[in-house]
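For reference, the structure discussed in these notes is given below.
Read-outs throughout are calculated quantities, based only on the coordinates presented, and are distinct from any laboratory measurement. Note that the structure is predicted; figures quoted are calculated from it, not measured. Note that each Cβ is placed from the backbone with ideal geometry, even for glycine, and that neighbours are counted across all protein chains shown.
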């Protein structure tokens with residue numbers, strides 16, 4: 001919690017695209033897993049305007065990872 | 001996405017099926033298609049956008065007239081003509097065949113009518129066979145290259161700056177973000193927020209934990225229980241003290257009274273009292289025992305009478321007891337002689353008569369069981385009698401002993417009374433003291449009962465509380481888990497928001513730098529492209545040290561737009577290789593350009609020609625003979641892998657024919673139509689095969 005706030009100050013704006021993913025790579029294994037799985041799910045359903053059951057699917061991902 | 005080939009059938013200028021136009025890729029990544037005005041260059045560009053998105057560019061006139069005029073006029077009224085365009089492309093090592101088709105016919109009024117436009121897709125499996133896809137073709141195409149972005153990859157070079165007209169500017173930012181996967185991030189953030197809300201609701205539903213309150217209550221009750229235990233202990237001590245005192249006082253009393261007779265009588269009475277009380281207790285126990293062990297016998301009366309009735313019926317029927325046994329009949333038959341002396345030979349009348357008795361004869365087992373049961377029932381009935389006798393005796397004993405006990409108590413009381421009213425003050429006082437002690441003993445015993453009840457209540461309450469506490473513990477575990485989930489979700493949201501922020505700001509800056517590089521490599525002006533947060537691009541001039549916007553020429557704007565597209569392709573490619581989480585598949589982009597050199601002067605034409613084969617991974621350029629001038633040819637020749645000519649067949653009898661010379665060979669561009677129809681034919685420029 002409050003992660004973004006503490007990192008905002010140190011984040012330098014540059015033209016390099018290498019460190020964009022850093023907030024994900026530095027996450028705890030659980031949070032990283034949530035992010036990975038949710039992004040995959042969203043990517044798969046990106047071209048559906050209103051993906052069915054996506055809220056339940058996201059909730060299931062969280063509940064299955066954080067036990 | 002890599003374009004492999006395109007094929008048309010009765011599509012605009014193209015009559016019948018065109019040969020498959022193979023598109024070049026790899027090192028020689030450029031396909032050059034030559035054609036004069038009206039030969040079908042714009043048609044080919046629009047065939048791509050029609051197949052993929054059912055869209056046309058602004059320069060595509062009369063988009064409602066798709067079918068080839070010759071094809072539709074050759075068939076009878078009511079007969080339909082197939083009009084289609086299909087491409088083969090490769091994406092993520094998978095080959096897709098995509099075809100858009102419609103049937104067209106002329107109605108009774110000779111009006112051209114279009115049937116439904118249909119989209120077909122199949123993909124090549126690893127076994128090389130073609131299969132229909134599992135998802136909607138539109139969905140797959142959009143995943144390969146979002147529709148909102150097609151205009152950056154399939155465009156009319158003469159009007160390239162139209163893509164960036166102010167009214168459409170705001171969509172550029174959105175479109176680009178989509179290409180970067182920002183939409184995925186946005187949706188992930190949005191859905192994670194919703195999930196967090198649900199988790200929060202679930203936590204609220206669990207409610208506050210009462211465990212602390214319950215533990216305090218339990219502690220209080222436990223303390224109370226300990227306190228009552230102490231009181232109980234105190235009472236027991238008091239009781240033994242009182243009993244001891246009572247014994248001493250009784251002794252003193254008797255000694256002081258001096259009457260041995262009275263003493264003996266009292267002792268005798270007290271012994272009697274003890275015996276009687278013992279008897280009462282024992283007898284009551286005996287009754288309980290009798291009731292539990294023999295009580296059932298008195299409930300059997302009905303069953304017993306039923307049994308007797310059954311037996312009676314059997315007897316009446318002569319089945320019990322059977323006068324003749326089966327065994328006996330069998331012996332007679334075996335012996336072949338009746339007891340009357342008659343011979344019993346098999347088959348004779350006598351034999352049959354004796355044999356018929358066999359069925360009437362009783363079965364030994366049944367009889368035996370009946371006899372045994374009967375004796376048991378008789379025994380049970382006897383027990384009923386015994387039971388009542390025993391109970392009656394015990395009851396009358398109890399009554400008798402109660403009577404005796406009351407007499408003994410009266411006599412004892414009389415003795416006490418004697419002491420109470422004795423002339424001797426000491427005696428009197430002693431008895432009074434004794435009475436007091438006895439009263440105290442009674443009180444303590446009563447008190448003990450109260451305490452016992454209290455303790456039972458407390459124990460029950462503690463039990464209930466413990467059950468509630470263990471329930472609350474489970475609830476607390478659930479709460480902790482829900483909170484943990486909420487925290488993780490919040491963390492994921494914040495991290496994704498940060499990634500999104502970085503994508504936006506860093507990508508834009510990275511893009512700006514790349515666009516500047518490309519623009520610089522093409523333009524001879526000192527202008528610098530700038531991209532604002534809405535991805536609006538403009539040129540500034542910085543020679544005076546202050547950035548001032550530049551009123552750029554059409555040519556500059558065209559180069560700027562090309563630089564922007566080139567920048568986007570380059571940066572998106574870079575980003576899609578670097579981002580491993582969103583997993584974009586946008587590492588290869590084709591560019592299909594119609595007349596890219598239209599309004600450019602010589603220097604820019606050369607620069608653009610030099611730059612574009614390097615900007616896109618795959619390039620398809622549609623040019624007129626005039627656009628294909630020396631400098632363009634010089635710069636692009638080495639990238640050309642495939643080259644085609646669109647030969648325009650003109651129905652005009654006196655039309656001016658035209659041709660183009662490529663590698664020393666002359667190819668026709670405009671020829672007179674031999675059949676009076678206007679159409680275009682595609683021919684491939686032969687290339688020397690390099691080894």
Bin all alpha-carbon pair distances of region B:13-61 at 10 Å intervals from 0 and give each bin's fraction as a whole percent.
21, 48, 30, 1
Shape of chain B, Cα gyration tensor, a/c cut at 1.5:
oblate
Mean Cβ count within 10 Å, highest first, over the residues of peptides B:607-619, B:627-639:
B:607-619, B:627-639
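Run the numbers for residue B:445 and residue B:301: contour at 0.36 nm per residue of separation, minus the present Cα-Cα distance, in nm.
Gain in length upon complete extension: 47.2 nm.
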Which residues does a label at residue B:120 reach in region B:80-106, if reach means a backbone N under 20 Å from a point 7 Å past the Cα toward the Cβ?
B:80-90, B:95-105
Sort B:310-317, B:526-533 for me by packing, meaning the mean count of neighbouring Cβ atoms within 10 Å per residue, highest on top.
B:526-533, B:310-317
What does the extension gain come out to for residue B:230 and residue B:246, with contour length at 0.36 nm per residue minus their alpha carbon separation?
3.4 nm
Highest mean packing first, using Cβ neighbours within 10 angstrom, the peptides B:595-604, A:51-60 sort as B:595-604, A:51-60
Each residue of A:50-60 has, on average, a number of other protein chain C-beta atoms within 10 Å of its C-beta equal to 4
Which three lengths, in whole Å and largest first, does the protein assembly as shown cover when its Cα atoms are put on their principal axes?
164, 112, 57
Computed over region B:47-145, the relative contact order (Cα-Cα under 8 Å, seq sep at least six) in percent reads 21
How crowded by other chains is B:502-512, given as the mean number of beta carbons from other chains within 10 Å of each beta carbon?
4
How large are Rg and Dmax for region B:396-497 when only the alpha carbon atoms are used, in Å?
34.2, 107
Using 7 Å Cα-to-Cβ label points, what is the residue B:426/residue A:16 separation (nm, one decimal)?
11.5
Between residue B:201 and residue B:473, with labels modelled 7 Å along Cα→Cβ, what's the label distance in nm to one decimal, could you check?
3.2
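Taking 60 Å as R0, compute the FRET efficiency from the Cβ-Cβ separation of residue B:111 and residue B:497 and round it to 0.05.
Numbers: r = 57 Å, r/R0 = 0.95.
So the FRET efficiency works out to roughly 0.60.
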Efficiency of FRET from Cβ geometry, residue B:459 and residue B:288, R₀ 30 Å, rounded to 0.05
0.60
Checked region B:1-85 against the a/c 1.5 cut and the a/b vs b/c comparison, axes a ≥ b ≥ c from its Cα gyration tensor; verdict prolate
Provide the FRET efficiency to the nearest 0.05 for the residue A:67-residue B:414 pair, computing r from the beta carbons and using R0 = 60 Å.
0.10
Can you tell me the length gained on complete extension of the stretch residue B:509 to residue B:17, counting 0.36 nm per residue apart and subtracting the Cα distance?
172.4 nm
Starting from the Cα gyration tensor of region B:575-691, take the square roots of the eigenvalues, sort them a ≥ b ≥ c, and report rounded, prolate or oblate (rounded when a/c is under 1.5, otherwise prolate if a/b is larger than b/c, else oblate).
prolate
Mean separation of Cα contacts under 8 Å (6+ apart) over length of chain B, as relative contact order %
24
Amide N of region B:556-576 lying under 17 Å from the label point, which is placed 7 angstrom from the Cα of residue B:520 along Cα→Cβ:
B:560, B:563-564, B:566-568, B:571
Counting DSSP beta bridges in the protein assembly as shown, what percent are antiparallel, to the nearest 5?
70
Starting from the Cα of residue B:435, move 7 Å in the Cα-to-Cβ direction to define the label point; list residues of region B:395-416 whose amide nitrogen is under 17 Å from there.
B:410-416
